[in-house]
1. Looking at the stretch 126-144, which of the residues that are in contact with a Gly (Cβ under 7 Å, 6 or more places away or on another chain) and buried (at least 21 other Cβ atoms within 10 Å of the Cβ) is farthest from THR54 (Cα to Cα)?
2. Give me a count of the residues in the stretch 365-389 that are more than 16 Å from THR210 (Cα to Cα) and either among the basic types (Lys, Arg) or assigned by TED's automatic domain parsing to the domain that holds ILE228 (or both).
3. Looking at the stretch 126-143, I want the residues that are in contact (Cβ under 8 Å) with a residue 60 or more places away in the chain and more than 10 Å from GLY213 (Cα to Cα) and have a partner that is among the hydroxyl-bearing types (Ser, Thr, Tyr) and crowded, with 24+ Cβ neighbours inside 10 Å with Cβ atoms under 7 Å, at least 6 apart or on another chain. Which pairs are those?
4. Determine which member of the set ASP322, ASP312, ASP282, ASP335 is charged (D, E, K, R), in contact with a Lys or Arg (Cβ under 7 Å, 6 or more places away or on another chain) and either at pLDDT 95 or above or in the same structural domain as ARG18 (by TED's automatic domain parsing) (or both).
5. Working only within the stretch 344-366, note down all residues that are outside any helix (DSSP H, G or I), among the hydroxyl-bearing types (Ser, Thr, Tyr) and out of contact with any Gly (no Cβ under 9 Å at 6 or more places or on another chain).
6. If a residue has to be buried (at least 24 other Cβ atoms within 10 Å of the Cβ) and part of a strand (DSSP E or B) to count, how many in the stretch 183-229 make the cut?
7. Can you say whether LEU256 is within 19 Å of VAL320 (Cβ to Cβ), in contact with a helix residue (DSSP H, G or I) (Cβ under 8 Å, 6 or more places away or on another chain) and in a helix (DSSP H, G or I), as far as the supplied structure shows?
Amino acid sequence: MISRVDLRGKQPSTAELRRVLPRAELGVEVALDVVRPICDDVRRRGAAAVREHTATFDHVDVPTTRVPAEALRQALDGLDPDVRAALEEAARRARQVHEAQRRTDATVEVAPGGVVTERWVPVRRVGLYVPGGLLAYPSSVVMNVVPAQVAGVGSLAVASPPQADGRPDPVILAACALLGVEEVHAVGGAQAIAMFAYGTEDCEPADLVTGPGNIYVASAKRLLKGVIGTDGEAGPTEIGILADDTADPVFVAADLIAQAEHDANASCLLVTTSPGLLDEVDAELARRVPATRHTERVATALRNQSAHILVDDLEQGLAVVDEWAAEHLEVLTRDASSWAARVTNAGAVFVGPYAPVSLGDYLAGSNHVLPTGGTARHTGGLSVQSFLRSQHVIDYTRDALADVAPLVDALGGSEDLIAHVDAVRARIPRTP
């Protein structure tokens, strides 16, 4: 079901590893050709374009993308009590973790009378994307909304694809209401990102858009970056597992299936020193995959862009998982904490047999909006910092400026920017 790659006795280069390690063939660059005309259309025609593309892709007509307040209240009133309790606990844990991330302003006196303050300012308005195509993700409401609220963002708008009734999934609506979100839009895909970027008659433009989505959502975020700020590319999901012969094959197989059920484009990578583990995992997959709810989707993901990787030792395994830079990485080894501490590239690291990715998806307190497609090499997951901007405030006295005026003369002269020098000397004339 899953292909095998044997790296034992080999020392592949970075370029060779990138060719060997699997990911979905439909990449962000390819999808750009699809999303570009959609985004351009929304820029030109606004809400009318959003509604037309929604009818095309979601097969439903919406007279306006804005969900009525009454629909939010009704969804919360009708929410299953057990689901409500789970969402409340997920939000409590997430808020606790994210509140610890909030940075405080820092003031430094670099010289007598020369003060620089770094302050953290929240963005004015954010668009929060919550997937709702193949599956609805109320947990993504929590993961988007909580850090934005902790950061102090003043205006929040959620977008999620409409269902047959023209509104987002009722559990998503209920989660929004539970967290106090009043502005929700029934729109998904690239047109939702373009709506937040350019604004429409139904939705004011945002300064930042965050949240996971399919490859078209990720492509639209890349295309429109600069028009609107983005949190990174949270596209088709992926799991990496670094394991030795102590890993439980039942746990491993269950976690691979759990990730694969998200999307037929999901990627799963098991890196291990143990051929025996691979045999046991394959046997467990053969038993479990036909019995799971989303069998076809899971089988497609495991067959098309997933792999078992055999390595000589955990040192080589660590190099492989760092190169793949998984969205989620589980470490199922002896002394798992020590190996996990050495991981450089991963969106989130799950340590040991009792910290599965599913826990992080819902109730760990961590954020599940994470970088995919190898972007964990340079990008982190969604956090309070995603919604904050660093702003320097410079406050100098005349004497402090006078002290550095000769140095400005030197640096400005070396760069042939004499007007820079003159701007200082207009305040601090040279002494004869």
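The values are calculated or read from the model by the stated rules, or taken from the named source; none is laboratory data. Just so it is clear, the structure is predicted and the values come from calculations on it, not from any experiment. Backbone-built Cβ (ideal geometry, glycine too); neighbour counts: all protein chains shown.
1. At the first step, the residues of the stretch 126-144 found to be in contact with a Gly (Cβ under 7 Å, 6 or more places away or on another chain) are 128-133, 140, 144.
Subsequent filtering for residues that are buried (at least 21 other Cβ atoms within 10 Å of the Cβ) retains 128-132, 140, 144.
Details: LEU128: 18, TYR129: 15, VAL130: 15, PRO131: 14, GLY132: 13, SER140: 21, ASN144: 23 Å.
Looking at the filtered set, the residue picked out is ASN144.
2. Adding up the residues that qualify gives 1.
3. VAL126/THR210; LEU128/THR210
4. Details: ASP322 fails: in contact with a Lys or Arg (Cβ under 7 Å, 6 or more places away or on another chain); ASP282 fails: in contact with a Lys or Arg (Cβ under 7 Å, 6 or more places away or on another chain); ASP335 fails: in contact with a Lys or Arg (Cβ under 7 Å, 6 or more places away or on another chain).
Among ASP322, ASP312, ASP282, ASP335, only ASP312 is charged (D, E, K, R), in contact with a Lys or Arg (Cβ under 7 Å, 6 or more places away or on another chain) and either at pLDDT 95 or above or in the same structural domain as ARG18 (by TED's automatic domain parsing) (or both).
5. Let us first name the residues in the stretch 344-366 that are outside any helix (DSSP H, G or I), namely 344-356, 363-366.
Among the residues that remain, those that are also among the hydroxyl-bearing types (Ser, Thr, Tyr) are: 344, 354, 366.
Of everything in the stretch 344-366, those that are outside any helix (DSSP H, G or I), among the hydroxyl-bearing types (Ser, Thr, Tyr) and out of contact with any Gly (no Cβ under 9 Å at 6 or more places or on another chain) turn out to be THR344, TYR354.
6. Summing the residues that are buried (at least 24 other Cβ atoms within 10 Å of the Cβ) and part of a strand (DSSP E or B) in the stretch 183-229 gives 5.
7. Working: within 19 Å of VAL320 (Cβ to Cβ): yes; in contact with a helix residue (DSSP H, G or I) (Cβ under 8 Å, 6 or more places away or on another chain): yes; in a helix (DSSP H, G or I): yes.
Answer is yes for this residue.
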